[in-house]
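In what follows, a structure is listed as structure tokens, so that the remarks can point back to it.
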Amino acid sequence: MSEKITAVKGMNDLLPPESARWEWLESQVRDLMSGYAYQAVRTPIVEPTALFVRGLGEVTDIVEKEMYSFEDRLNGEALTLRPEATAGVVRAVVEHNLLYDGGKRLYYMGPMFRHERPQRGRYRQFHQIGAEALGFPGAEIDAELILLAHALWQRLGLQHVRLELNSLGQPAERAQHRAALIAYFENHIEQLDEDARRRLHANPLRILDTKNPSMQTLVEGAPQLLQFLGPESLAHFQQVQAILQANGVEFRLNPRLVRGMDYYNLTVFEFVTDQLGSQGTICGGGRYDYLIEQVGGKPAPAVGWALGVERVLELLKEQGVAGPVLTPDVYAIVPDALSLPLVMSTLEQLRRCGLRVQMHSPAGVAVPGQGMGSMKSQFKKADASGARHALIFGADEMLRGEVTIKSLRDGEGAQHSVALASVAEWAQRLQSSL
Ligand code: ATP
Ligand code: MG
């Protein structure tokens, strides 16, 4: 035998039954998004490296050390597996001039790639669902997006998720804050770790995001950006809060919340939980009014968020939310392969009525005139499938033009016969009782 090939470290296969939970989450999201009039977009997984370097900022964790970047051997292009999707969505919106007739509300789902140390809630291929509203400057859209995420938690039955809010103001306000921040950190240079020293002049705001425990007190005492906000930025922030309050959405102001990308301004937010260890952020977002321009588009405001699918599902599991169990409604037991053509056309009828139908299949080749496995083993499989009913296509019944229906869940194995000609009516009755 050849040597086994295994998956790339930090990149996971998604298999049943877990895949059913993913599809359930995705369908909940699709349904919810349509309720807010957000439309789906799908952008490529590979983008020009320059998009992320320019869009996310050179001195960010992602661009400095997490990107899967490579040169296309065939034409020398510098490419990157997308570490997030906002930059790609913005590129697409600009490239296709989507904002020509006003703002757009969009959402996406898909894999992202970051070369990080794999651990619980942190993978090298992971999945995000994101919502972006482009072309709208108002605080009400920031609030709408937060309400949308909040509604998703409610719909999924997710609990113990806190909302943290901050405002990063506008570039001029940030410049003033930045100067104050540099002065403050310079005064305490001996307390800065290597990372922070390197970022002191390149990106001091990022220092506030440090996870180094020995720098926490220092960072807590740093000048806060909120104190540098002018009246317009403050009014924007207050309007977001007023709308959330009117909707009963609780939040905590967190002046240290800066987010991992450089493209944010004004509102930023995160939904966090204490139940996932140190990977506690399940969703993050904010306003990015200057990114479109940076990527070469006509200046236009925008705001959005992204959630980590693995973390949301892990948290649901942690909280005992079971999600759907996808079992068949009907398991078809086929004593003789000879009857397969008629059996299979009957099963097609049941499926057209909306029933989930699993047919018994033997491990070997089904030869007409021979059995498809002993009745005992077929019934065992039927039970294990979780189906509520077994349909038994016995030779005698079929000669009479009938099929036997046996209840596997309720009624202690009650069984009765139905004419093959009226099996669709039975299926419809069952379907409407589900
Ligand atoms: P963290 O601080 O945990 O590294 P982040 O700020 O890098 O998160 P974002 O870039 O804001 O994360 O991505 C949005 C969401 O995507 C995160 O809140 C998280 O739920 C999820 N996420 C980010 N990186 C990973 C990863 N490597 N594996 C799994 N999920 C991730
Ligand atoms: Mg990160």
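By the compact-protein rule of thumb, 2.2 N^0.38 Å, the alpha-carbon radius of gyration of segment 214-304 corresponds to a ratio of 1.23. Couplings for segment 44-58, taken from phi via the Karplus curve 6.51 cos²θ - 1.76 cosθ + 1.60 with θ = phi - 60°, read x, 7, 9, 10, x, 3, 4, 4, 7, 4, 6, x, 7, x, 5 Hz in order; Gly and Pro are left as x. Exposed loop sites here mean GluC sites (Glu not before Pro) with a DSSP loop assignment and at most 13 other beta-carbon atoms within 10 Å; the chain contains its longest site-free run at 251-434. Loop-located trypsin sites (Lys or Arg not before Pro) in segment 161-257 (DSSP state not H, G, I, E or B) with no more than 16 neighbouring Cβ atoms inside 10 Å: 211, 256. Which aspartates and glutamates have a Cα less than 17 Å from the Cα of residue 406, not counting those fewer than 8 places away in the same chain? Counting by Cα, and skipping residues close in sequence, residue 406 has these aspartates and glutamates nearby: 329, 383, 396, 397, 425.
Here the 3J(HN,Hα) profile of segment 125-136, calculated from phi with Karplus coefficients 6.51, -1.76 and 1.60 at θ = phi - 60°, is 10, 9, 10, 10, 10, x, 10, 9, 10, 10, x, 10 Hz, Gly and Pro shown as x.
Solvent-accessible surface (1.4 Å probe) assigned to residue 31 amounts to roughly 80 Å².
Segment 322-373 and segment 165-214 have their alpha-carbon centroids 65 Å apart.
Taking a straight Cα-Cα cut-off under 17 Å and skipping sequence neighbours fewer than 8 places away in the same chain, the aspartates and glutamates within cross-link reach of residue 104 are 95, 132, 140, 142, 144, 289, 293. Could you work out how far helix 18-35 tilts from the main Cα principal axis of the chain, as a 0 to 90 degree angle to the nearest 10? With rounding to tens, the tilt is 60 degrees. Over every Cα atom in segment 321-434, the radius of gyration and the widest Cα-Cα span, Dmax, amount to 13.7, 47 Å. Taking the three principal axes of the alpha carbon atoms in the chain, the coordinate ranges are 92, 58, 45 Å, sorted in descending order. Over the chain, Cα pairs under 8 Å with separation of 6+ residues give a relative contact order of 15 percent. Between helix 171-187 and the chain there is an angle of about 70 degrees, using the helix long axis and the longest principal axis of the Cα atoms. With the alpha-carbon atoms of segment 1-75 aligned to their principal axes, the span from lowest to highest coordinate is 47, 41, 27 Å, starting with the largest. Give, as a single signed number, the net charge of other residues whose beta carbon lies under 12 Å from the beta carbon of residue 395, with Lys and Arg counted +1 and Asp and Glu -1. Here the charged neighbours net out to -3.
Against the chain, whose longest principal axis comes from its Cα atoms, helix 309-318 is set at around 70 degrees. Expressed in Å, the radius of gyration and Dmax of the Cα atoms of segment 218-265 are 12.6, 36.
Count charges around residue 133 for me, please; just the other residues with Cβ under 11 Å from its Cβ, Lys/Arg as +1, Asp/Glu as -1. Surrounding charge for residue 133 is -1. When you filter the trypsin sites (Lys or Arg not before Pro) in segment 49-116 for DSSP loop state and at most 16 other Cβ atoms inside 10 Å of their Cβ, you are left with 73. For segment 167-324, the spread of Cα positions along the three principal axes, ordered from largest to smallest, is 55, 40, 33 Å.
The values are calculated or read from the model by the stated rules, or taken from the named source; none is laboratory data. On a predicted model such as this, the values are computed, not experimentally measured, just so you know. Quick reminder, even Gly has a Cβ in these numbers, built from the backbone with ideal geometry, and neighbours come from all protein chains shown. Calculation scope for accessible area: heavy atoms of the full protein, side chains included, ligands and nucleic acids excluded. Shrake-Rupley method; radii C 1.70, N 1.55, O 1.52, S 1.80 Å.
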